[in-house]
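Okay, so here's the structure we're looking at.
The values are calculated or read from the model by the stated rules, or taken from the named source; none is laboratory data. Please read these numbers as outputs of a predicted model, since none were measured by experiment. Ideal geometry is used to build each Cβ from the backbone, glycine not excepted, and the neighbour counts take in all protein chains shown. All accessible areas refer to the heavy atoms of the entire protein, side chains included, with ligands and DNA or RNA removed. Shrake-Rupley method; radii C 1.70, N 1.55, O 1.52, S 1.80 Å.
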Amino acid sequence: MRGAGWFATVLLTLAGAAAPPPADDPGFVYTERREYYRVDGRRVDTLKRQLDAALSRKGLEGEGVGRTVQHLSSRYEFEPTPAGCRFKDLAVSLDVTIHLPRWEPKGGKPKGLAGRWERMLDALTRHEEGHRDIAVDTARRLLADLRALPETLDCQGLAREAQKAFFQARLRHSIRDGAYERRTNHGIAQGARL
């Protein structure tokens, strides 16, 4: 008998107790994309207003002018064994989208503002990549934690333990990501401001 398939999707992530699988692990599927929103102001005050308004128009409310959205999911089936149950075809997938501004002022970039913009954008990119790194670490550790679950559990017990692993990952991620935001002051301490 093939066990009931189970699929869970959660918004984001963090670390578990087991060592993370290597980057080339076939059970870990990672995709990343960048999406840009356009701003075109030629003065600092105009740019700041456009940056503040742009993400909310995309439905991405919150502090800051960049955003990293992560979707973590797992896929597996249960396979009963003489000793209990195990996962079959276990995979953890992480899809990350980093939203950043793209400055395209009509008539070119004013010289006095171009350097400030580049420094801000570099710092903002590093900040958002920090969120991504937390997500990647979480996904890898979640895969390791799921693999470490004992095969002596029956399939219902294995399902309960897998759900606990997701809950714990969400909780730890929330704590870790919140600490990152406080430590970096939403990227400002890293230089992500005009």
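Determine the pairs where a residue that is on the phi < 0 side of the Ramachandran plot and polar (S, T, N, Q), located within the range 58-77, has a partner that is in a loop (DSSP other than H, G, I, E, B) and at pLDDT below 95 with Cβ atoms under 9 Å apart, the partner being 6 or more residues away or on another chain.
Qualifying pairs under 9 Å: Gln70/Leu11; Gln70/Leu12; Gln70/Thr13.
Is it true that Glu118 is out of contact with any Leu (no Cβ under 7 Å at 6 or more places or on another chain), surrounded by 13 or more Cβ atoms within 10 Å (Cβ to Cβ) and not β-branched (Val, Ile, Thr)?
For Glu118, the condition - out of contact with any Leu (no Cβ under 7 Å at 6 or more places or on another chain), surrounded by 13 or more Cβ atoms within 10 Å (Cβ to Cβ) and not β-branched (Val, Ile, Thr) - is not met.
Please name all residue pairs, on different chains or six or more residues apart, with Cβ atoms under 9 Å, provided the first residue is in the range 165-193 and is on the phi > 0 side of the Ramachandran plot and the second residue is outside any helix (DSSP H, G or I) and surrounded by fewer than 13 Cβ atoms within 10 Å (Cβ to Cβ).
Within 9 Å, the pairs are His186/Gly62; His186/Glu63.
Determine whether Gly84 is at positive phi and in contact (Cβ under 8 Å) with a residue 60 or more places away in the chain.
Yes: the conditions hold for Gly84.
If you scan the range 140-194, which residues turn out to be among the small types (Gly, Ala, Ser) and part of a helix (DSSP H, G or I)?
Ala144, Gly157, Ala159, Ala162, Ala165, Ala169, Ser174, Gly178, Ala179, Ala189 - these are the residues of the range 140-194 that are among the small types (Gly, Ala, Ser) and part of a helix (DSSP H, G or I).
Tally the residues that are open to solvent by less than 40 Å² (accessible area, probe 1.4 Å) and free of Cβ contacts under 8 Å to residues at least 40 places away in the same chain, restricting the search to the range 31-45.
Summing the residues that are open to solvent by less than 40 Å² (accessible area, probe 1.4 Å) and free of Cβ contacts under 8 Å to residues at least 40 places away in the same chain in the range 31-45 gives 0.
Taking into account only those residues within the range 124-146 that are touching a helix residue (DSSP H, G or I) at 6+ places or on another chain (Cβ under 7 Å) and of a type outside the set (Asp, Glu), which is surrounded by the fewest Cβ atoms within 10 Å (Cβ to Cβ)?
Narrowing the range 124-146 to residues touching a helix residue (DSSP H, G or I) at 6+ places or on another chain (Cβ under 7 Å): 126-127, 130-131, 134, 138, 142, 145-146.
Remaining after also requiring of a type outside the set (Asp, Glu): 126-127, 130-131, 134, 138, 142, 146.
Working: Arg126: 14, His127: 23, Gly130: 18, His131: 23, Ile134: 22, Thr138: 27, Leu142: 31, Leu146: 23.
Among residues in the range 124-146 that are touching a helix residue (DSSP H, G or I) at 6+ places or on another chain (Cβ under 7 Å) and of a type outside the set (Asp, Glu), the one surrounded by the fewest Cβ atoms within 10 Å (Cβ to Cβ) is Arg126.
Is it the case, given these coordinates, that Arg86 is of a type in the set (Lys, Arg) and buried (at least 19 other Cβ atoms within 10 Å of the Cβ)? Before the answer, list the steps.
On the way: of a type in the set (Lys, Arg): yes; buried (at least 19 other Cβ atoms within 10 Å of the Cβ): yes.
Criteria met by Arg86.
Mind listing just one residue for me: the one in the range 170-189 that is small (Gly, Ala, Ser) and farther than 19 Å from Leu72 by Cα and, of those, farthest from the chain's Cα centre (by Cα)? Outline the logic, then answer.
Here is the first cut: in the range 170-189, the residues small (Gly, Ala, Ser) are 174, 178-179, 187, 189.
The next check asks that each one be farther than 19 Å from Leu72 by Cα; those that pass are 179, 187, 189.
Details: Ala179: 15, Gly187: 16, Ala189: 21 Å.
Per the stated criteria, the residue is Ala189.
In the range 164-176, which residue that is open to solvent by 30 Å² or more (accessible area, probe 1.4 Å) and out of contact with any strand residue (DSSP E or B) (no Cβ under 7 Å at 6 or more places or on another chain) is farthest from Arg42 (Cα to Cα)?
Out of the qualifying residues, it is Lys164.
Please state which of the following conditions Gly112 fails to meet, knowing it meets all the rest: (1) surrounded by 16 or more Cβ atoms within 10 Å (Cβ to Cβ); (2) in a helix (DSSP H, G or I).
Condition (1) is where Gly112 drops out.
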